[in-house]
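K.L.:
Sharing a structure here in structure tokens format.
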Amino acid sequence: MMVGALLGIAGVVYIVLGTLHAVFTLADERHPRRLAPDDPAVVTAMQASKVRLSRGATTMWQAWISFNLTHSLAAIIFGAACLVVMAHMGLFVFSPWALLALAGTSALFALIGLRYWFGVPRAGTLIATACLTAAWALYAL
């Protein structure tokens, strides 16, 4: 079924992007080279600067790492949700609204990506959004 294939593609895209993001983030924790500022002085400043809200318990660098890891986790969970729906397409009748919710959430990721991200994650999110939108349209008709 085409809808299932489109859900699968979108799910895999998000899981791969989320996993790569997590791997790069964890690698950057000790040796900043990928998702870190290119100016070593900025990394040093982030490591020395405390987050006011934390009352000095967290540095900006720790916050940066945690933001990236939770972002990765969100992408992986979203991709897994797409795969769960795909796996259950033949077992349950889904409301078209469920697929529209996946497509809409992906579209929000894509809009954020168009503004703030770089090439690969932007392209991946746009591809996944197109797949989810097409899956919704095919399923709703």
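K.L.:
Somewhere in segment 25-38, is a residue at pLDDT below 95, small (Gly, Ala, Ser), surrounded by 15 or more Cβ atoms within 10 Å (Cβ to Cβ) and not in a helix (DSSP H, G or I)?
P.N.:
yes
K.L.:
Another question, if that's okay. Tell me the residue from GLY79, GLY119, GLY56 that is at positive phi and of a type outside the set (Lys, Arg), please. Give the derivation first.
P.N.:
Numbers: GLY79 fails: at positive phi; GLY119 fails: at positive phi.
Sole residue among the options that is at positive phi and of a type outside the set (Lys, Arg): GLY56.
K.L.:
Further, regarding this structure: Is it fair to say LEU7 is closer than 30 Å to ALA130 by Cα and at pLDDT 95 or above? Even if it seems obvious, please write down each step before you answer.
P.N.:
Working: closer than 30 Å to ALA130 by Cα: yes; at pLDDT 95 or above: yes.
It is true that LEU7 is closer than 30 Å to ALA130 by Cα and at pLDDT 95 or above.
K.L.:
OK, next. When segment 44-98 is examined, which residues are found to be assigned to a helix (DSSP H, G or I), modelled with pLDDT under 95 and under 19 Å from GLY8 (Cβ atoms)?
P.N.:
VAL84, VAL85, MET86, ALA87, PRO96, ALA98
K.L.:
Which pairs have Cβ atoms under 9 Å, sit 6 or more apart or on different chains, and link a residue in segment 129-140 that is touching a residue at least 24 places away in the same chain (Cβ under 8 Å) to one that is among the hydroxyl-bearing types (Ser, Thr, Tyr) and assigned to a helix (DSSP H, G or I)?
P.N.:
THR129/SER106; CYS131/SER106; LEU132/THR105; LEU132/SER106; THR133/SER106
The values are calculated or read from the model by the stated rules, or taken from the named source; none is laboratory data. Please read all numbers here as calculations on a predicted model, not as lab measurements. Neighbour counts are summed over all protein chains in view; Cβ atoms, including those assigned to glycine, are modelled from backbone coordinates with ideal geometry.
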